[in-house]
Amino acid sequence: MRNTIYFKGIRLWVQGLLLFALRWAQLKSGFDPVTGLAQASVPGIILVATVLCLAAAELFLAWKIPGGKRSYINCFAPMGQKSLPLLAAGSLILCAGGILLPGWTALPVAVAVAGAAAAVGLILFAKQVRGGEAKTLPLLPAMLFSVLFVLAVYLPVDCSPVLESYYLPVLAAALIACAFYQLAGLPCREGSLRWFAFLGDMAVPLCLAALADSIGNWGQALAFAGSAMILTVFLALRRDEPLPETEPEETNDASAPAAAE
């Protein structure tokens, strides 16, 4: 199959590197060195404009995907020898990020436990998929981790009056949570492939851009990098044309009494 993970994922990672460069430049020139307040910054303006343009483009592409609730097996290609190592590596990196988040309060400990459970669950899910089935349960720890990770990113800066200094990592973490939510719903036909594609395509570049904000915070940086790798694998495995869904067979109960009469 020509559209392998290397070809499908490269677009998102190129976008992410572009956003990373813009964010890095904004952090260097867009804030007053004394007060820390935001100031006029060309890279910051270009960054916001680029994110909005990417969102519009990804929404346009996602809208071409058939809507409705669909099953995982019909929406994704089988996990092969090339994608499985990348998924395992991304899971381990995400686990390491959760463990290395600073602090020993309840939230960092919960993130660490959820990260380890997410790594195990994702690997078990990959094993299930290779066996021809997909269940939601192994994906639930990843969904829980992503929700806790949003809190871990936002709560340390929630009192900051400078929105420009923290909006991008918080937005990236929120998109991860939304993408994992849609992914976890697909095995039980409660997720939307259209929204997973849009949210995932936005989450991967913003995760890479958020690495600029995570310099010195290895836990946060690894969590963003691991999430980007995991979502890239699933986005690359997404079928260009989902297989048709089979409708459950309906029994004609009304014919039974008629036959008895």
Subject >> Cα-based reach from residue 69 at 26 Å (exclusive), listing lysines while leaving out same-chain residues under 8 positions away >> reply: 8, 127, 135
**OP:** Return the carbon/sulfur percentage of the accessible area of the chain, one whole number, probe 1.4 Å, all protein chains in place.
**Re:** 69
Original post:
If you stretched the chain out fully between residue 37 and residue 21, how much longer would it get, using 0.36 nm times the residue separation minus the C-alpha to C-alpha distance?
Top reply: 3.7 nm
Subject >> Stokes-Einstein D for the stretch 138-220, Kirkwood Rh over Cα pairs, 25 °C, 0.890 mPa s (µm²/s) >> reply: 184
Original post:
When only Cα pairs under 8 Å and 6 or more residues apart are kept, what is the percent relative contact order across the chain?
Top reply: 31
**OP:** Give a quick list of trypsin sites (Lys or Arg not before Pro) in the stretch 53-130 that DSSP marks as loop, anything other than H, G, I, E or B, with at most 15 other Cβ atoms within 10 Å.
**Re:** 64, 82
**OP:** Please provide three numbers in whole Å: the alpha-carbon extents of the stretch 60-104 along the principal axes, with the largest listed first.
**Re:** 44, 27, 19
Original post:
Accessible area of residue 162, 1.4 Å probe, to the nearest 10 Å²?
Top reply: 10
**OP:** Take every Cα-Cα distance within the stretch 112-261, group them into 10 Å bins from 0 onward, and report for each bin the whole-number percent of pairs it holds.
**Re:** 10, 36, 27, 13, 7, 4, 2, 1
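Go ahead and estimate [θ] at 222 nm for the chain from helices alone: -39,500 (n - 2.57) per DSSP H run with n ≥ 4, summed, over the residue count, rounded to 500.
Helix-only estimate at 222 nm: -22000 deg cm²/dmol.
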Original post:
About the Cα centre of the chain, what is the dipole size in debye to 20, counting +1 per Lys and Arg Cβ and -1 per Asp and Glu Cβ, all else neutral?
Top reply: 860
**OP:** Provide the three semi-axes, in whole Å and in decreasing order, of the ellipsoid equivalent to the stretch 52-196 as defined by the square roots of 5 times the Cα gyration tensor eigenvalues.
**Re:** 27, 22, 12
Subject >> 10 Å Cβ shell holding at most 11 others, DSSP loop, chymotrypsin sites (Phe, Trp or Tyr not before Pro): longest site-free stretch of the chain >> reply: 105-261
Subject >> Heavy atoms of residue 73: accessible area, 1.4 Å probe, square angstrom to 10 >> reply: 70
**OP:** Restricting things to alpha carbons, tell me how big the chain is in terms of Rg and Dmax, in Å.
**Re:** 20.7, 90
Original post:
For residue 193, what is the net charge nearby, where nearby means another residue's Cβ is under 13 Å from its Cβ and Lys, Arg count +1, Asp, Glu -1?
Top reply: +2
Subject >> Pairwise label distance in nanometres, residue 29 with residue 137, each label 7 Å out on the Cα-Cβ vector >> reply: 5.5
**OP:** Give me the distance in nm between label points sitting 7 Å out from Cα along the Cα-to-Cβ direction at residue 190 and residue 109, one decimal.
**Re:** 2.9
**OP:** Taking only protein heavy atoms into account and a 1.4 Å probe, give the accessible area per residue of the chain in Å².
**Re:** 51
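The values are calculated or read from the model by the stated rules, or taken from the named source; none is laboratory data. Not measured: the values here are computed from a predicted model. Here Cβ is always computed from backbone atoms with ideal geometry, including for glycine, and neighbour counts include all displayed protein chains. Accessible surface areas use protein heavy atoms only, side chains included; no ligands, DNA or RNA. Shrake-Rupley method; radii C 1.70, N 1.55, O 1.52, S 1.80 Å.
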